[in-house]
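This report concerns only the one structure given below.
The values are calculated or read from the model by the stated rules, or taken from the named source; none is laboratory data. Note that the coordinates shown come from a computational prediction; the quantities given were computed from them, not determined experimentally. Heads up, the Cβs are rebuilt from the backbone with ideal geometry, glycines too, and the neighbour counts pull from every protein chain shown. For accessibility, only protein heavy atoms count, side chains too; no ligands or nucleic acids. Shrake-Rupley method; radii C 1.70, N 1.55, O 1.52, S 1.80 Å.
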Amino acid sequence: MRLPVLFALQLVALAAAAASAAEAAATLSSRMVHRLSDKARLEAGPRAGWWPQRGSGEYYRALVRSDLQRQKRRLAGKYQLLSLSKGGSTFSPGNDLGWLYYAWVDVGTPTTSFLVALDTGSDLFWVPCDCIQCAPLSGYRGNLDRDLGIYKPAESTTSRHLPCSHELCQSGSGCTNPKQPCPYNIDYFSENTTSSGLLIEDTLHLNSREGHVPVNASVIIGCGRKQSGDYLDGIAPDGLLGLGMADISVPSFLARAGLVRNSFSMCFEEDSSGRIFFGDQGVSSQQSTPFVPLYGKLQTYAVNVDKSCIGHKCLEGTSFQALVDSGTSFTSLPPDVYKAFTMEFDKQMNASRVPYEDSTWKYCYSASPLEMPDVPTITLAFAANKSFQAVNPIFPFNDKQGALAGFCLAVLPSTEPIGIIAQNFLVGYHVVFDRESMKLGWYSSECRDVDNSTTVPLGPSQHDNPEDPLPSNEQQTSPAVTPATAGTAPLSSATTNLQMLLASSYRLLLLTTSTVFFIS
């Protein structure tokens with residue numbers, strides 16, 4: 001019978017194959033080498049370059065960076081981090097442009113570059129466009145690496161007018177036909193400061209942090225045909241990037257398109273540089289506090305401050321609500337909080353009060369190059385034992401010879417029952433506006449990169465400050481907050497950059513009840 005013979009031969013063949021596979025499995029091996037070991041460095045040869053010594057601080061920091069990057073790759077899925085330019089750089093050009101933080105953005109096809117002010121206190125992204133009345137753009141080239149731009153929608157192949165029928169066009173008296181272009185008018189609080197024009201849909205060009213791959217996103221842009229007030233006096237002459245919570249803001253468009261998480265971050269360095277990343281939710285070790293409704297609506301980056309602390313003393317009765325606003329230069333406190341705050345600060349200062357040439361600043365003290373008095377720490381305390389210590393709560397001023405003469409407390413009284421946590425308190429921090437979890441996050445940062453603070457601190461920080469310095473005993477359109485800055489001022493030979501800022505006529509622009517409405 002041939003069938004049993006064939007079956008027997010098949011069994012023999014299978015047994016032989018299994019034996020061969022077993023033998024191969026038993027004898028095959030591969031040497032494992034740790035990616036940061038001495039053997040890996042030797043095998044890498046000249047390509048290795050710098051290599052951390054095993055057991056050193058840099059060695060462990062490199063391991064942690066790698067682990068966190070792997071975690072982000074696993075958890076991020078389709079999401080990524082996007083920036084307006086390679087590296088996400090932002091900067092403050094100083095007195096010429098009102099001391100705000102700016103970033104270059106590229107819009108349209110072909111692209112046109114704009115230097116826009118970054119403002120978490122408003123929503124619309126607008127640029128000068130088909131101008132009837134716009135700020136002059138000449139005279140800035142010496143401080144910038146390119147010219148300021150004018151947007152011309154007719155020359156962009158990817159632009160189209162937003163019709164009045166669009167859901168983001170709030171129908172008003174300016175819309176008589178659903179097909180006509182949607183007009184806008186934003187009325188800011190500061191001295192009749194406005195921007196008006198038409199809403200355009202066009203392409204915003206961004207960079208992915210992973211490999212710096214270009215990413216194009218469709219956003220709504222205000223074609224700002226007519227500006228007034230501060231926008232004609234050198235503040236945001238090339239446009240404003242509103243980063244608020246409303247559906248019309250750029251962060252909202254990027255999140256709805258599924259390009260990023262509904263979050264973004266900004267960091268502020270002491271040398272007036274910084275970074276902005278869309279999709280960044282910060283790090284697990286950061287502190288945070290929830291956003292809260294303001295005037296009954298959850299539409300702004302407002303937080304509850306439980307107490308204000310000077311040195312080791314936290315003051316009772318100093319709780320308040322505050323906006324976190326990148327478009328305001330100096331932090332302000334509600335009148336009653338400001339009074340208690342400044343009285344305690346003055347009490348702890350061991351220095352003589354001196355007048356300052358600008359009467360805006362009431363709490364100024366003498367100093368010299370040889371003697372700088374100790375300044376008490378300033379800390380804002382939040383719920384759940386979270387705290388935020390201001391890195392830069394004072395500013396120095398010089399005498400006529402240019403030598404240090406004194407300093408002032410850089411905090412102002414608000415004219416409203418709310419405060420503003422402004423740029424001068426944000427310096428030294430990576431600040432996360434997490435709109436997905438509806439909370440504000442922060443951690444100390446030198447703004448080198450979005451992963452800057454993922455390194456393991458193996459020793460004291462350069463400032464030798466604890467992470468939590470508090471003593472243990474202790475929706476459509478959000479209200480527009482105009483960037484609070486000084487107008488440009490004539491400079492004397494003895495005036496330093498900081499003096500330029502402070503010798504100007506400051507107009508602190510607080511929360512307004514302004515709205516977006518439409519005009520014909």
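For region 271-280, indicate whether the set of residues that are farther than 22 Å from Leu124 by Cβ, among the basic types (Lys, Arg), open to solvent by 10 Å² or more (accessible area, probe 1.4 Å) and under 15 Å from the mean Cα position of the chain (by Cα) is non-empty.
Taking every residue of region 271-280 in turn, at least one turns out to be farther than 22 Å from Leu124 by Cβ, among the basic types (Lys, Arg), open to solvent by 10 Å² or more (accessible area, probe 1.4 Å) and under 15 Å from the mean Cα position of the chain (by Cα).
Which count do you get for residues in region 308-345 that are open to solvent by 50 Å² or more (accessible area, probe 1.4 Å) and more than 12 Å from Val411 (Cβ to Cβ)?
Of region 308-345, the ones open to solvent by 50 Å² or more (accessible area, probe 1.4 Å) are 312-313, 316-317, 319, 321, 335-336, 339, 343.
Remaining after also requiring more than 12 Å from Val411 (Cβ to Cβ): 312-313, 316-317, 319, 321, 335-336, 343.
Number satisfying all stated conditions: 9.
What do you reckon, is Ser288 among the polar types (S, T, N, Q) and at pLDDT below 95?
Working: among the polar types (S, T, N, Q): yes; at pLDDT below 95: no.
For Ser288, the condition - among the polar types (S, T, N, Q) and at pLDDT below 95 - is not met.
Quick check on Ala422: is it on the phi < 0 side of the Ramachandran plot, crowded, with 16+ Cβ neighbours inside 10 Å and in contact with a helix residue (DSSP H, G or I) (Cβ under 7 Å, 6 or more places away or on another chain)? First the steps, then the outcome.
Numbers: on the phi < 0 side of the Ramachandran plot: yes; crowded, with 16+ Cβ neighbours inside 10 Å: yes; in contact with a helix residue (DSSP H, G or I) (Cβ under 7 Å, 6 or more places away or on another chain): no.
The answer is no for Ala422.
Which strands (runs of 3 or more DSSP E) does region 112-229 wholly contain that include 3 or more residues that are at pLDDT 95 or above? Step through it out loud before you land on a result.
On the way: elements: 112-119, 125-133, 183-187, 194-208, 214-227.
Hits in region 112-229: 125-133, 194-208, 214-227.
Kindly provide the set of residues from region 397-416 that are aliphatic (A, V, I, L, M) and farther than 20 Å from Met343 by Cβ, ordered by number. Write out each step before concluding.
In the first step, residues of region 397-416 are kept if they are aliphatic (A, V, I, L, M); the result is 403-405, 409-412.
Those that are aliphatic (A, V, I, L, M) and farther than 20 Å from Met343 by Cβ: Ala403, Leu404, Ala405.
Looking only at residues in region 242-251 that are open to solvent by less than 10 Å² (accessible area, probe 1.4 Å) and out of contact with any Pro (no Cβ under 7 Å at 6 or more places or on another chain), which one is nearest to Glu436 (Cα to Cα)? Can you show your working first?
Going through region 242-251, the residues open to solvent by less than 10 Å² (accessible area, probe 1.4 Å) turn out to be 242-244, 246, 249-251.
Keeping just the survivors that are out of contact with any Pro (no Cβ under 7 Å at 6 or more places or on another chain) gives 242, 244, 246, 249-251.
Details: Gly242: 18, Gly244: 13, Ala246: 13, Ser249: 15, Val250: 15, Pro251: 11 Å.
Within region 242-251, the match that is nearest to Glu436 (Cα to Cα) is Pro251.
When you scan region 384-394, do you find a residue that is on the phi < 0 side of the Ramachandran plot, of a type in the set (A, V, I, L, M, F, W, C) and modelled with pLDDT under 90, even just one? Walk me through how you get there before you give the answer.
Narrowing region 384-394 to residues on the phi < 0 side of the Ramachandran plot: 386-394.
Next, only the ones that are of a type in the set (A, V, I, L, M, F, W, C) stay: 388, 390-391, 394.
From what is left, the residues that are modelled with pLDDT under 90 are 391.
Scanning region 384-394 turns up at least one residue that is on the phi < 0 side of the Ramachandran plot, of a type in the set (A, V, I, L, M, F, W, C) and modelled with pLDDT under 90.
Can you name every one of the strands (runs of 3 or more DSSP E) wholly within region 321-435 that holds 1 or more residues which are under 30 Å from Ala246 (Cα atoms) and touching a Gly at 6+ places or on another chain (Cβ under 6 Å)? First the steps, then the outcome.
Values: elements: 331-333, 364-366, 378-382, 386-389, 394-398, 404-409, 411-413, 419-421, 429-434.
In region 321-435, the matching strands (runs of 3 or more DSSP E) lie at 331-333, 429-434.
Considering region 293-306 alone, what residues qualify as being over 13 Å from Gly244 (Cα atoms) and open to solvent by 20 Å² or more (accessible area, probe 1.4 Å)? Spell out how you get there, then give the answer.
If we filter region 293-306 for residues that are over 13 Å from Gly244 (Cα atoms), which is where we start, we get 293-297, 303-306.
Scanning region 293-306 gives Pro293, Tyr295, Gly296, Lys297, Asn304, Asp306.
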